[in-house]
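Q: This is the structure I have questions about; it appears just below.
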Amino acid sequence: MKFCGECGTENPDTNRFCKNCGGALRKPAEAPATQPAPAQPSAGVVQPQAAAVPAGTQPVPAAGETPKRTWLGIVALIPAILAWILYPVLLGIAAVLFGITSIALARKQGTRFPVAGVIAIIVGLLAIIVNIYWLDIFPPPQVLPPIR
Ligand SMILES: [Zn+2]
């Protein structure tokens with residue numbers, strides 16, 4: 001059963017709109033916390049919100065115990081990907097520098113090895129290489145006569 005957020009009418013789970021007022025029905029799991037209690041205070045009816053938010057299912061790991069991971073490697077992926085669209089050399093160098101820095105930081109701080117940083121270095125270098133040898137790899141079709 002789904003209760004209408006507008007008028008509180010019970011609706012079957014298959015309904016997407018309230019049969020009474022036509023308002024859009026939310027699934028119980030998507031019920032917002034700010035929604036007030038249903039207008040029908042009938043006893044024995046299980047509130048949909050009760051099961052929506054199980055408390056304490058995600059234990060927060062204690063700080064300092066789990067090895068932190070540096071996000072710099074993932075950050076380095078952004079210029080690495082953009083290097084294939086925009087400035088290949090500039091963003092490619094930026095990706096390589098970010099990637100090297102992420103590896104150096106991970107070694108210094110003893111965090112997880114940034115695989116994303118290595119990928120960023122490779123993708124960034126490839127963008128530079130492909131840019132330099134672009135005309136050799138993909139020669140333009142010789143449609144126009146050469147300009148003298
Ligand atoms: Zn309604």
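The values are calculated or read from the model by the stated rules, or taken from the named source; none is laboratory data. From a predicted model like this one, the values you see are computed outputs, not experimental measurements. Quick reminder, even Gly has a Cβ in these numbers, built from the backbone with ideal geometry, and neighbours come from all protein chains shown. In case anyone asks, the SASA skips ligands and DNA or RNA and just uses the protein heavy atoms, side chains included. Shrake-Rupley method; radii C 1.70, N 1.55, O 1.52, S 1.80 Å.
Q: For a quick check of your reading of the model, give me the residue pairs whose first member lies in segment 71-91 and is without any contact (Cβ under 8 Å) to a residue 60 or more places away in the chain and β-branched (V, I, T), whose second is open to solvent by 60 Å² or more (accessible area, probe 1.4 Å) and assigned to a helix (DSSP H, G or I), with beta-carbon atoms closer than 9 Å and at least 6 apart or on different chains.
A: Hits for this filter: V75/F98; I78/F98; V89/N131; V89/I132.
Q: Separate question: Which pairs do you get when a residue that is in the same structural domain as A24 (by TED's automatic domain parsing) and of a type in the set (A, V, I, L, M, F, W, C), found in segment 1-12, comes within reach of a residue that is more than 6 Å from the ligand (Cβ to nearest atom) and open to solvent by less than 50 Å² (accessible area, probe 1.4 Å), reach meaning Cβ atoms under 8 angstrom, with the pair 6+ apart or on two chains?
A: M1/N11; M1/P48; F3/N11; F3/P38; F3/P48; C4/N11; C4/L25
Q: Has segment 69-78 got at least one residue that is open to solvent by 70 Å² or more (accessible area, probe 1.4 Å) and modelled with pLDDT of 90 or more?
A: Yes, some residue in segment 69-78 is open to solvent by 70 Å² or more (accessible area, probe 1.4 Å) and modelled with pLDDT of 90 or more.
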